[in-house]
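A.B. asks: Right, I'll just put the structure down here and ask away after.
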Amino acid sequence: MAMVSVFKNYEELSVFAAEQIISVVQQKPAAVLCLAAGNTPKLTYQKVVALAKERKVDFSAAIFIGLDEWIGIGPTIEGSCYNFLNELLFAPLSIQLNHIHFFDAIENDPETECLRIDNIINVLGGIDLTLVGIGMNGHVGFNEPGFDPNLNAHVVVLDAVTSKVGQKYFKENRELTKGITLGIAQIMASGKVLLLANGKNKAGIIHKTLQENIAVSVPASFIREHPNGLILLDEEAASELP
Ligand code: PGA
């Protein structure tokens, strides 16, 4: 069962999450990491970069797998998942391109991309650490409410909530109708999973995730069953828990 921890604030939550990532890479320099884009882990990644520099942690052998991507949004567009991680993590840590495996649904057929990424994960022997946020509708990656828990990487028609909320990452209005994502099965097969949530606007969905039955209507609830899962909340996100 995953452990739930509540931190005083976003800063403390982010430092803790960053230490988890640093420690996995210190123990296994060639660790396979799957790190979500999104506002929630922003500070975590800034802390990772700062700690890596301060402690001279070597990320040069680490491998990065994309969790998800908007279909139709290229890697150079600000707001794409790749662009987000590149700015915050890959560029500051000077990660080599051949250590980064993201879905490229612009250059390639999305279904073929799913198989390509599934294959890379298999060849690498699985993911060591996955970090996910939680959507306002309880999604993880783009595993939306009603998802099929048996799928590996797959193409998704995005939930209306995701299409609407997702606009916050883009400067201009974008058509966000489809996405591509790792499946929950791949997330659950990771050695360690961190689920992060901060802020009052996540309190309602965190309550559902942790207090109601584990169900496909709240994808994040599946993380509760991860044997090495850490659900990390700030006090605001935890404010509707008993
Ligand atoms: P956020 O997104 O971190 O920007 O809130 C979370 C998600 O949709 O998974």
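Every number here is computed from the coordinates shown, using simple stated rules; none is lab data. On a predicted model such as this, the values are computed, not experimentally measured, just so you know. So basically every Cβ, Gly included, is an ideal-geometry build from the backbone, and we count neighbours across all protein chains shown.
A.B. asks: When the Cα atoms of the chain are enclosed in a convex hull and the volume is divided per residue, what value in Å³ results?
C.D. replies: Per residue, the Cα convex hull of the chain comes to 113 Å³.
A.B. asks: Hey, another quick one. Would you mind telling me which residue in Ile100, Ile180, Ile120 has the biggest mean-square fluctuation in a Gaussian network model of the chain, where springs connect alpha carbons within a distance under 10 angstrom?
C.D. replies: Of the options given, Ile120 has the highest mean-square fluctuation.
A.B. asks: Cross-link partners among lysines for Lys47, C-alpha distance below 28 Å, same-chain residues fewer than 8 apart left out?
C.D. replies: Counting by Cα, and skipping residues close in sequence, Lys47 has these lysines nearby: Lys8, Lys28, Lys56, Lys168, Lys171, Lys192, Lys200, Lys202.
A.B. asks: Would you mind calculating the relative contact order of the range 3-234 from Cα pairs under 8 angstrom and at least 6 residues apart, reporting the percent as a whole number?
C.D. replies: Here the relative contact order equals 25 percent.
A.B. asks: For the range 1-60, what size does the Cα cloud have along each of its three principal axes, sorted from largest down, in whole Å?
C.D. replies: Result for the range 1-60: principal-axis Cα extents of 31, 28, 20 Å.
A.B. asks: Within the range 107-186, report the trypsin sites (Lys or Arg not before Pro) that DSSP leaves as loop and that have at most 13 other Cβ atoms within 10 Å.
C.D. replies: Passing sites in the range 107-186 are Lys171.
A.B. asks: Would you mind counting up the charge near Ala189? Only other residues with Cβ under 14 Å from its Cβ, with Lys and Arg at +1 and Asp and Glu at -1.
C.D. replies: Charge balance in the 14 Å sphere: -2.
A.B. asks: Moving to a separate point now. If exposed means no more than 13 neighbouring beta carbons inside 10 Å and the site is in a DSSP loop, what's the longest run of the chain without any exposed GluC sites (Glu not before Pro)? Before the final figure, lay out the partial values.
C.D. replies: Details: sites that count: Glu107, Glu172, Glu175, Glu212.
In the chain, the maximal stretch lacking such sites is 1-106.
A.B. asks: Quote the Stokes-Einstein diffusion coefficient, in whole µm² s⁻¹, for the range 74-208, based on the Kirkwood radius over alpha carbon pairs, a temperature of 20 °C and a viscosity of 1.002 mPa s.
C.D. replies: It comes out at roughly 134 µm²/s.
A.B. asks: Do any chymotrypsin sites (Phe, Trp or Tyr not before Pro) in the range 136-194 lie in a DSSP loop with no more than 15 other beta carbon atoms within 10 Å, and if so, which? Could you put the intermediate results ahead of the total?
C.D. replies: Values: sites: Phe142, Phe147, Tyr169, Phe170; in loops: Phe142, Phe147, Phe170.
Those satisfying the criteria are Phe170.
A.B. asks: Which of Asn201, Asn137, Asn152 moves most in a GNM of the chain, Cα contacts under 10 Å?
C.D. replies: Asn201
A.B. asks: Within a Cβ distance under 12 Å of Glu144, other residues only, what is the Lys/Arg minus Asp/Glu net charge?
C.D. replies: So the environment of Glu144 carries a net charge of -2.
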